[in-house]
Structures are given as C-alpha cells and as structure tokens.
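Everything on this sheet refers to the single structure shown next.
The values are calculated or read from the model by the stated rules, or taken from the named source; none is laboratory data. Because the structure is a prediction, the values reported are computed rather than measured. All Cβ positions, glycine included, derive from the backbone under ideal geometry; neighbour counts span all protein chains shown. Accessible surface areas use protein heavy atoms only, side chains included; no ligands, DNA or RNA. Shrake-Rupley method; radii C 1.70, N 1.55, O 1.52, S 1.80 Å.
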Amino acid sequence: MRLSRYFLPVIKETPSEAKIVSHRLMLRAGMIKQSSAGIYSWLPLGFKLLRKLENIVHEEQQRAGHIPMLMPTLQSADLWRESGRYDGYGEEMLRMQDRHGRDLLFSPTAEEMFTDVFRANVSSYKDLPLTLYQIQWKFRDEIRPRFGVMRGREFLMKDGYNFDLTKEDALHAYNRHLVSYLRTYERMGLQAIPMRADSGPIGGDYTHEFLVLAETGESEVFYDSRVTDIKLGDRDINFDDVAQCQGVMEEFTSLYARTDETHVADEFSKVPEANQRTARGIEVGQIFYFGTTYSEPLGATVQGPDGAKTPVHMGSHGIGVSRLLGAIIEASHDDKGIIWPEGVTPFHCGIVNLKTGDSEADAACESLYKEITALGLEPLYDDRDERAGAKFGTMDLIGLPWRITVGPRGLKNGVVELTSRRTGESEEMTPAQAVTKIAKIYAPHVPVKGHGDVEPMSGRSFHTWM
Ligand code: ATP
Ligand code: MG
C-alpha cells in the first residue's frame, strides 16, 4: 500500500475523552471512530487489524477441528423464552419489535441459536463429537461502555459450542479449547493466563477466564508468579489426543491463578510468599462446560449406542476479538505509539522515503516495494511529499515492527537503514539485504495464497483476506 493512496486519518492531539492508552492510540492512529457510546466505526487500519485477528482465530479453531458458520445477529425472542433466559438476561439485552409486533433481540451470545440448529439436524451419537463456532458481532447494552473497544456495546466475538455424548467427551472439548486458546493468544504475541473464574448466569462447574496482565485491566487477579513462565511455544499438539490436551490443561492451571470472583485468601496464602502476585488483568476469553443446562430445556438429544435418547453435554467458549486489539496495544506500546507483534501487524514493514521526488530515492523505494510485495508481504510505503519527521512520527504511531529508511545520502554508499520499532536499533545494509532480512523475519507468517482447508500445524495463514 502506498500511503498517498491509503485512508489513514491520524490525529496529532491526544483525544481527551480517552482514558487509557489503547483507546487513545486507536483513535490517534486512525483505527476507529466513535459513532455512539460503545459503538465504533472501523476505519481501514482498524478493520485490517480486526481481520488479522479474526484470521488467527479461524485458523486456530479449525486446527482444533472446530467448524465455522454464521448466525444472524437479530434473533427471535421465542427461542430465548424456551430456554428461560429471555426475562432473566436483564437490561444488557437489546430488545426490539418488527412491524408485525414480534419480539426480536440483538444477540448478546448464542447458546440458544446453536442448540436450535443442533436439535433440528442431529439425532445420533454417531454425529458427535461436534463443535460449531462463529465470529460475529454481539450487542450488550453495557451500563458503562468505556475504554474504547475494550468495553463496547457492539463488539466482535468468537463464540463456539461443543456437543458431546458424555461428560468425559465434553471435558476433552473443554481442554481442547483451553489449548487452542493458548495457541491463539501466543500467536498474537500475548500471554493470557487461564484463571479459575465464576460461571455467572451461564451456569456450570467448569470455567476458566483468560487474562492478559495490564494495569488498566478491569479485573483484579491473584496468581502464583510461576504461571507466567509456562509457554506453549511451538510444541506439537494433537487435538484428538485426550491425554495430551489434559496434560497441557493441568500444566497451565495447577498453580494458583484466580480472578477476584473466585479468590480464596486462605489458599492463596499457601503459595510461597515470594511468588504471590496481585495485579490487574483484561479478560480476553472464557471457556465453560455446563453439561445439559441448555440441551435439556431445548430438547437437544441424541440416540446413544444403546438406543436411548439422552441430552447432549455442552460447553461454550468465547474470545473477545475486538477487545483483543485493545489488549495487544495495552501490552505493547511506548510513548511514541503502538508496537505490533509480527504475528498481527497490519503491514509487515514501512518504507520511508526521506526525499520524495529525488529520482534515485524514488527508484530505490519502488524496487523495495516491488520485491517485498513479491514475497507475499505487505509493505506500507510512505511516498507522501512530507517532512521526514512527520513520516517517522506516523510510522511510530501506527506501530509497524520494521521500517526501511531510504535517502539520497545512504544510497550514495549503496545502503538503506533497517530499524526495529521495538528496540529502536537501526542497521545499515544494502536494499537486497534488507529484503532478505524482512523475508526471514516473516518466514513463519507468510500467508499461503488461496482459500481452502487449514494446513494442520503449519503455523501459516491459509488464506489472504486482504
Ligand atoms: P465481562 O466480564 O468483561 O463483562 P463477560 O464475562 O460478560 O465479559 P463473556 O460472555 O465471557 O464476557 O464473553 C466472551 C468474551 O467476549 C470476553 O472474554 C471478552 O473478551 C469479550 N467481551 C465481553 N463483553 C465485552 C464488551 N462489552 N466489549 C468487548 N468485548 C467484550
Ligand atoms: Mg467472561
């Protein structure tokens, strides 16, 4: 993309309405524009990032064997009356009527809808296990929408639902989700700690929330500092392997880590004192096993191997996709702006032309742009006729992890400069060396062209949306 042809409405002033850094930076970097309280327009840069996160979530879900689909955002109240949640859900549910006076609602979650699809189409245990999911906009009429996309009213969520014959199978689904969520967050450059949580109105005994530590987080958390040493890394996971998934889940959840809702001071005091930590965290996901809570009232049953009809065991699983963008920024920024992890960056590198109009500088930038694009990567070329300071300022603000700076003086010696946004360190090298280095940095992230099935365990993107 050439910046002269892009739409990137960056803002110089610090917006006064934004209380936390991620909100300020998202507004300043021209990613979002508030439309009304807790409702945002996603401008091109914000939209591109949202799509990147969505893609990672899709890939990791499908890698774990889960099947994508899409539910409507507007749902009939009748289904919610059947489950008994229509009246109980409270004021967060946005209710409306159509012209015939039928009650509708904007989906805040979708247990009922998925259970309804299931009961209409599945009747035998032979079709199990089954996990369906969607990435779809949700609406919750939050009493205090704040912190930008962190607590919006309209927000993008991945929500998934597993249907299993037995509790044992459903607990494997629970563990499988825990592992796949950990992979998802790690690919986004985040450490999200699974913490024992409260199941709230969804019900059930098994639930974990995933929290990213950040001073601006809304939840108070208590944990054993050793949990932050555990990483999934690039170990091979077989999502069908019950013992392996359970092993990983135990590894990540056996140390003390709880939100304030489930915190027990007595138990926390057993953690070695030097390891006790109290901090704040951002909830970026939650998984539940709730058994037959929805399948029983909604009649989601299958015929078991013995011929008898039994309600299926279910769980639901959510990732806050739009909130994650805020969480990544909270975890990765400095006083100049955002610093995107390589796994999610909207453009792979910036190219800054120090002297637009200089024929040699222009030509060198053009060929860098072509070569990097030919690798299947997306550079953002600042070809505007602007001062160098303004160009650097924009690049730093929008947070591309790598910048190639091209100017007439360097070109006289045959070199350009490659700068890391994270460390600020620069290195002079030939343009060819810069291209090679960029290719190497992104080797694990190069998207594979074309649509199709996810490539198991490749760590690569399976399609290029944009
Ligand atoms: P919270 O406690 O923050 O209100 P929740 O527990 O009600 O969230 P879930 O029903 O578990 O939310 O939804 C799954 C995920 O969706 C959450 O982990 C969170 O990341 C995201 N999410 C929930 N509410 C919002 C919101 N108002 N704005 C943005 N993301 C949200
Ligand atoms: Mg939650």
(request) Return a yes/no flag: does segment 291-300 have any residue that is in contact with a helix residue (DSSP H, G or I) (Cβ under 6 Å, 6 or more places away or on another chain) and of a type in the set (Phe, Trp, Tyr). (result) yes
(request) Considering each residue of segment 3-28, count those that are in contact with a Leu (Cβ under 8 Å, 6 or more places away or on another chain) and more than 17 Å from ILE339 (Cβ to Cβ), and give that number. (result) 8
(request) State yes or no: is MET69 under 27 Å from ILE237 (Cβ atoms) and open to solvent by 10 Å² or more (accessible area, probe 1.4 Å)? (result) yes
(message) All but one of (1) more than 16 Å from ligand 1 (Cβ to nearest atom); (2) closer than 23 Å to ALA110 by Cβ; (3) among the hydroxyl-bearing types (Ser, Thr, Tyr) hold for THR345; state the number of the condition that does not hold.
(response) (2)
(message) Among the residues in segment 296-308, are any in the same structural domain as TYR174 (by TED's automatic domain parsing) and under 26 Å from HIS23 (Cβ atoms)?
(response) no
(message) Please list, ordered by residue number, the strands (runs of 3 or more DSSP E) wholly in segment 77-168 having 3 or more residues that are buried (at least 17 other Cβ atoms within 10 Å of the Cβ), in contact (Cβ under 8 Å) with a residue 60 or more places away in the chain and not basic (Lys, Arg).
(response) 130-139, 154-164
(request) Scan LEU53, LEU8, LEU70 and give me the residue that is assigned to a helix (DSSP H, G or I) and touching a residue at least 60 places away in the same chain (Cβ under 8 Å). (result) LEU53
(request) Select, from ALA434, ALA364, the only residue that is farther than 22 Å from ILE339 by Cβ and of a type outside the set (Lys, Arg). (result) ALA364
(message) Just to check your reading of the model, which residue among GLY315, GLY326 is closer than 18 Å to PHE47 by Cα and in the same structural domain as GLN136 (by TED's automatic domain parsing)?
(response) GLY326
(request) Under 6 Å between Cβ atoms, at least 6 apart or on separate chains: pull out the pairs that start in segment 31-49 with a residue that is under 12 Å from ARG146 (Cα atoms) and end on any residue that is surrounded by 14 or more Cβ atoms within 10 Å (Cβ to Cβ) and among the hydroxyl-bearing types (Ser, Thr, Tyr). (result) GLN34/TYR40
(request) Would you point out the residue of segment 276-294, among those that are open to solvent by 30 Å² or more (accessible area, probe 1.4 Å) and outside any strand (DSSP E or B), that is farthest from ligand 1 (Cβ to nearest atom)? (result) THR292
(request) Test each condition in (1) surrounded by 20 or more Cβ atoms within 10 Å (Cβ to Cβ); (2) under 20 Å from GLY393 (Cβ atoms) for TYR40 and report the one that comes out false. (result) (2)
